[in-house]
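What follows is calculated from the coordinates using simple rules that are stated; it is not laboratory data. Just so it is clear, the model here is predicted, and its values are computed rather than measured. Neighbour counts are summed over all protein chains in view; Cβ atoms, including those assigned to glycine, are modelled from backbone coordinates with ideal geometry.
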Amino acid sequence: MIITKMSLPRRTILRGMGTALALPLLDAMVPAFSAIARTAAAPIRRLGVVYVPNGMAMEYWTPAATGATYELTPILQPLAAFRNQMLVLSGLHGHWNATHAGGSTSFLTGASGLTGELNIRIDEGMSMDQVVAKEFGRQTQLASLELALDSRGNAGQCSGGYSCVYTNTLSWSSPTTPLTGESNPRAVFERLFGDTASTDKATRRASIEKGSSLLDSVLQKVADLQRQIGPRDRTKIDEYLEGIRDVERRFQKAEEQSARELPVMDQPPGTPATVGEHAKLMYDMQVLAYQADLTRVSTLMVGREQTGRVYPEIGVPDAHHPLSHHRNDPAKIATMSKINVYHVKLFADYLEKLRATPDGDGSLLDNIILMYGAGMSDSNSHNHSNLPMLLLGGGSGQLKGGRHLKYAKDKPAANLLVTVMDKLGVPRERIGDADGKLDVDSLDI
C-alpha cells in the first residue's frame with residue numbers, strides 16, 4: 001500500500017465522447033495518510049451464481065468420502081486448484097414436482113410447485129440473488145447482472161404445463177416478474193460500459209471496420225490520470241483496461257465472422273459460435289464488472305432447462321436434453337459426463353481469473369461466494385433430490401472450503417440460500433421452503 005497525498009473519489013468516472021468508464025478500486029481512492037482504513041474496513045462482498053441445465057451425471061460427480069479427505073471425481077477434477085476454497089454439498093433437495101421448470105425456478109427461490117401451479121414463497125417476493133442485490137445495489141451502478149448462454153427464443157409451454165419463462169429464468173424480482181438473462185455479449189458490454197455505436201446495422205458495421213473502441217474516447221484522460229497516481233495503481237488500470245480491450249476485440253471478431261457467414265439459429269450478431277468462447281466472454285465481463293464495482297451480484301445460466309445444444313467442439317454431437325434422458329445406459333451417461341466436465345472446465349478458467357485479479361488485500365475470488373450447480377440431479381427421472389451443489393470462494397473470510405459435506409437427512413436446498421445470505425451479511429429467517437440454516441463450518445456432517 002503506497003500512501004500519497006492524493007485522494008480520488010471511490011466512484012471516479014472517466015468521460016469522453018459520450019462514454020463513461022468506471023475505474024477499479026485504487027490505492028489513490030483511500031484518503032491520504034489513512035491507507036490503514038482500507039485494511040480495517042469491511043471488504044466488499046459479492047455473490048455469483050452459475051447454473052447448469054439438465055441435471056448431472058451423478059456417478060461422475062459425487063465423491064465417495066466426506067470431510068476433508070474426499071477424492072475429486074472426474075467432473076470435479078478441473079477444480080483441483082481451487083479445492084481449498086471449495087465446498088461440495090450433497091443431500092439437498094427441492095420441493096417441486098418432476099419437471100425441468102422446477103429445477104431452474106426453485107434454484108434461487110426455494111419455491112415449490114405442482115404441475116400447472118406455482119407457489120413461490122420467497123422473501124419480499126424475490127429470488128435470493130435479488131434480495132442480496134437490493135441491499136448491495138445501493139453502492140453500485142447496477143444492482144445485479146443476469147446473463148445466459150441460450151437466447152430467449154422459446155415461447156408458450158416448455159415443461160410440465162409451465163410457461164417457457166420458468167425454464168429460461170433464475171432470477172425473479174417478484175413472483176410474477178422474471179429477470180431473464182441476456183445472451184448477447186454486445187448488449188451486456190454496452191449495459192456495463194455504454195453504447196459505443198449506433199444500433200443501426202450499417203453504422204455498427206462501419207464502427208467495426210474502423211476499429212473504434214470504448215477506450216479510444218477516454219484514452220487521453222486515462223493518460224492524464226496515470227501521471228498522478230502510483231505505480232501499483234498504474235498496473236491495476238493497465239490490467240483492467242487491457243481486459244476491456246480484449247473483450248471488445250473478441251466480440252468484434254465474432255461480429256466480423258457473423259457478417260461473412262450464415263448466422264446460426266437463435267444466435268444474435270456478436271455471439272461466438274461455440275459455447276466455450278461465448279462462456280469465456282460472459283465470464284470475463286463479470287470479472288470486469290466486479291473489478292470496477294459496477295455490480296456485486298451476477299448470475300449466469302450456462303443453458304436453459306431442456307436445452308438441445310450440441311457440443312461438437314468436445315466431440316459430443318448429441319443434443320444435451322435428449323442425452324440427459326439416458327435410460328441408465330452407461331455409454332450415454334459417460335457421454336453426458338463429458339458435457340458436465342466441459343462446463344466445469346470453463347468455470348475453472350473463470351475462477352482462475354478471479355483469483356488473479358487483486359481486490360483489497362486479496363483477490364476477487366477471496367471476496368466472493370459462488371454457487372455452482374443444477375436444479376436436478378438425475379435428469380433421466382427428473383429427480384430433484386440430492387442436488388449437485390458447490391460453494392466456492394472466500395466470502396471475505398466467511399467461507400471455509402476443502403470439504404465434502406453430506407447432510408444425513410434430506411435438507412431443503414432453500415436452506416443453502418438462507419445460509420449464503422447470512423454469510424453475505426444479508427440475513428433472512430426464511431426463503432421459499434427453507435426451515436433453517438445449514439452447518440457449512442464443521443469439518444464433516
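With respect to the cross-link table entries Lys409/Lys437; Lys400/Lys423; Lys134/Lys353; Lys221/Lys280, which display a Cα-Cα separation exceeding 22 Å? Those over the limit are Lys134/Lys353; Lys221/Lys280. Positive contributions from Lys and Arg (+1) and negative ones from Asp and Glu (-1), summed over other residues with Cβ under 15 Å from the Cβ of Pro78, come out at +3. Amide H to amide H distances under 5 Å link Tyr162 with Gly116, where only residues 5 or more positions off or on other chains count and H is placed in the peptide plane. Ranked by how many other Cβ atoms sit within 10 Å of their own Cβ, fewest first, the residues Met421, Met56, Met29, Met128 fall in the order Met29, Met421, Met56, Met128.
Taking amide H as placed 1.01 Å from N in the peptide plane, the amide H of Trp172 sits under 5 Å from that of Ser127, Gln130, Leu179, each at least 5 places away or on another chain.
Which of rounded, prolate or oblate describes segment 402-445 when judged by the alpha-carbon gyration tensor and an a/c cut-off of 1.5? It is oblate, given that a/c is not under 1.5 and a/b is not larger than b/c. Counting neighbouring Cβ atoms within 10 Å and putting the fewest first, the residues Asp366, Asp329 line up as Asp329, Asp366.
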